[in-house]
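What follows is a set of notes on a single structure, which appears directly below.
Every number in this text was worked out from the coordinates using simple rules, so none of it is lab data. This structure is a prediction, so every number in the text was calculated from the model and none was measured. Please note: Cβ atoms are built from the backbone with ideal geometry, for glycine as well, and neighbour counts cover all protein chains shown.
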Amino acid sequence: MLLHEQIEHLCESLKLNSVPTHWSSLAEQCIAQDKSYGEFLLSLLKCEQQQRDERTRNLLSRMAGFPAHKELNTFDFKFATSVPKQQIQELSALTFIERNENVVLLGPSGVGKTHLAIGLGLKAVQAKKKTRFTTAAELMLQLSTAKRQNKLKQYLSRSVMAPKLLIIDEIGYLPFGREEANLFFNVIAKRYEHGSVILTSNLSFGQWPSTFADDATLTAAMLDRLLHHSHVLQLSGESYRLKDKRRSGAITE
Ligand code: ADP
Ligand code: MG
């Protein structure tokens, strides 16, 4: 068997996916630059690791279920003057995830809550942290379905507890019934001090009971856990969605 075929076979059984395609060009480079065998091996291993990391990031990104690709560096802080740029930059260092802290983004429609939540989620995925994006409505549907099918425990451990970062978008658009509110409380209580949550809502905290079956006690107990270790960002201003319409004269007031 030829040398490169033997290498290919060994790499396959050792699950070294990048070595077969890269070793010969790296070897040539190393010869041309008078590098030692040790340096060749190091650059080959680095190459394997880089490609592996890239595959992990792509996989995590697909698994996260982001509804769109919105990076923090495309966020216009000059337009959104209510958004504390420095705080977002600090959050993007992701220490809040290591500390199991939460982030709550509050504000009216169109001010960039979802954009910022996805942007932080993409940072987490880049740092190889398992992330899951969902909306409150979708989460609720899945929780209720899992409960009905007697699979709540599995659902909670697989989809609620497994991610390092859980993003729950759009709390408050759809009000929840009593059972749903209880299920949601469960999610927050389970993740409390175990894993980070990013939440977005168009409602101020005072209005939250209206979305959780008018249960002020349950909502207070939930907010207590949610806000104990948290970063709350109150956004305001006009909708970015309407910005261009306004400029073109479609909206005049
Ligand atoms: P919200 O979730 O608060 O309703 P979104 O994050 O969905 O708002 O923002 C609406 C749209 O406007 C999205 O396409 C988003 O990328 C964009 N957007 C909002 N604010 C900004 C901003 N400051 N800079 C760039 N794009 C923005
Ligand atoms: Mg949104």
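Using every Cα-Cα pair within the range 41-108, state what percent have a distance larger than 13 Å.
78 percent
What residues qualify as long-range amide H neighbours of Leu199, i.e. H under 5 Å apart, gap of 5 or more or another chain, H built at 1.01 Å from N?
Val103, Val104, Leu105, Ile168
Taking amide H atoms as placed 1.01 Å from N in the peptide plane, list the residues 5 or more away in sequence, or in a different chain, whose amide H sits under 5 Å from that of Phe176.
Hits under the 5 Å cutoff: Phe212, Ala213.
Starting at the first residue of the range 32-44, write each ³J(HN,Hα) from the Karplus equation 6.51 cos²θ - 1.76 cosθ + 1.60 with θ = phi - 60°, in whole Hz, x for Gly and Pro.
4, 9, 6, 7, 7, 4, x, 5, 4, 4, 4, 5, 5
What percent of all Cα-Cα pairs in the range 94-244 falls in each 5 Å bin, counting up from 0?
2, 9, 19, 23, 21, 15, 7, 2, 1, 0
Just how many % of Cα pairs in the range 34-171 lie over 24 Å apart, if you round to the nearest whole percent?
43 percent
Treating the range 92-155 as a set of equal point scatterers at the Cα positions, no solvent, please give the Debye-formula log₁₀ I(q)/I(0) at q = 0.24 Å⁻¹.
These q points yield log10 I(q)/I(0) values of -1.05.
Quick check: net charge around Gln126, other residues with Cβ under 12 Å of its Cβ, Lys/Arg +1 and Asp/Glu -1? Display every interim value, and only then the final one.
Details: positive: Arg57, Lys123, Lys128, Lys129; negative: Asp53, Glu54, Glu71.
Taking every Cβ under 12 Å from that of Gln126, the sum is +1.
Per the Debye formula with a single identical scatterer at each Cα and no solvent contribution, what log10 I(q)/I(0) holds for the range 166-228 at q = 0.12, 0.15, 0.19, 0.24 Å⁻¹?
These q points yield log10 I(q)/I(0) values of -0.25, -0.39, -0.65, -1.09.
Could you calculate, for the chain, the ratio of the Cα radius of gyration to the Kirkwood radius, expressed as Rg to Rh?
On the way: Rg = 23.5 Å, Rh = 21.0 Å.
Result for the chain is an Rg/Rh of 1.12.
In sequence order, what are the phi-derived ³J(HN,Hα) couplings for the range 138-146 according to the Karplus relation 6.51 cos²θ - 1.76 cosθ + 1.60 with θ = phi - 60°, rounded to whole Hz, with x for glycine and proline?
5, 4, 4, 4, 5, 5, 5, 4, 4
Report ³J(HN,Hα) in whole Hz for each residue of the range 96-110, in order, from the Karplus equation J = 6.51 cos²θ - 1.76 cosθ + 1.60 where θ = phi - 60°; Gly and Pro get x.
Running phi through 6.51 cos²θ - 1.76 cosθ + 1.60 with θ = phi - 60° gives 4, 6, 4, 8, 6, 8, 10, 10, 10, 10, 10, x, x, 4, x Hz.
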